[in-house]
1. Hey, could you pull the Cα Rg and Dmax for the chain, both in Å?
2. In what order do 19, 76 fall by count of nearby beta-carbon atoms within 10 Å, going from fewest to most?
3. Taking the Cα atoms of the stretch 40-87 alone, what are Rg (to one decimal) and Dmax (as a whole number) in Å?
4. Within a 10 angstrom radius of the beta carbon, how do 112, 25 rank from fewest other beta carbons to most?
5. As a footprinting exposure proxy, order 90, 69 by other Cβ within 10 Å, with the fewest listed first.
6. Determine the distance separating the Cα centre of the stretch 113-175 from the Cα centre of the stretch 59-90; give it in Å without decimals.
7. With a Förster radius of 30 Å, plug the Cβ-Cβ distance of residue 179 and residue 141 into 1/(1 + (r/R0)^6) and report the FRET value to the nearest 0.05.
8. Quick one: of the DSSP bridges fully inside the chain, what percent are antiparallel, nearest 5?
Ligand code: ADP
């Protein structure tokens with residue numbers, strides 16, 4: 001978890017590689033569907049372009065189908081899901097069914113000035129449709145309103161791992177691994 005620009009996608013890949021599990025990024029799956037013009041992509045696009053969350057029922061079904069795939073059987077890392085309290089409940093139901101359990105919820109903390117800088121920088125290099133100033137602001141608001149409350153939920157469950165997301169990518173990765181008690185691979 002973390003606000004837009006916190007570095008979730010970047011770090012998710014390192015963590016997933018370490019554990020040999022797929023990194024399942026809802027944002028990436030939505031973007032792939034948008035670029036292929038699938039019915040899911042057509043449905044999701046207008047929300048994404050406005051910086052709004054895609055409706056829970058659409059997102060939940062997509063995640064349910066993805067974690068049912070064979071490569072996710074040994075485990076998986078979710079990037080960008082759950083983002084609403086309803087998604088938390090839904091995820092609990094899904095993994096109750098598949099027999100998985102949530103080991104840890106990693107939250108990346110980055111100060112808001114740095115976030116805006118990173119996203120504006122990304123808008124120049126990646127050309128993501130939702131990295132314009134207005135949409136960035138809307139995504140930050142929605143994160144604060146809808147996703148930040150999840151931090152307390154997972155803290156209460158005792159599985160929250162808070163990590164300082166400022167500084168170099170490698171340093172953040174090292175902090176995540178240290179917080180997860182991962183032995184570095186040489
Ligand atoms: P960000 O960098 O803003 O966190 P992502 O790449 O993770 O962006 O997601 C991009 C967009 O995809 C979001 O702004 C939202 O519209 C949609 N999205 C991704 N995950 C979810 C989710 N769990 N629930 C609803 N919408 C989602």
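A short reminder: the numbers here are calculations on the coordinates, not readings from a lab. This one's a predicted model, so the numbers in the text were calculated from it and none came from an experiment. Methodologically, a virtual Cβ is constructed for each residue, glycine included, from the backbone with ideal geometry; neighbour enumeration extends over all protein chains shown.
1. Answer for the chain, Rg first and Dmax second: 16.0, 45 Å.
2. Taking fewest neighbouring Cβ atoms as first place, the list is 19, 76.
3. Reported Rg and Dmax, both Å: 11.9, 36.
4. 112, 25
5. Numbers: 90 20, 69 11.
In order of increasing Cβ crowding within 10 Å: 69, 90.
6. Between the Cα centres of the stretch 113-175 and the stretch 59-90 lies a distance of 19 Å.
7. Computed FRET efficiency for residue 179 and residue 141: 0.60.
8. Values: 0 of 8 bridges.
Close to 0 percent.
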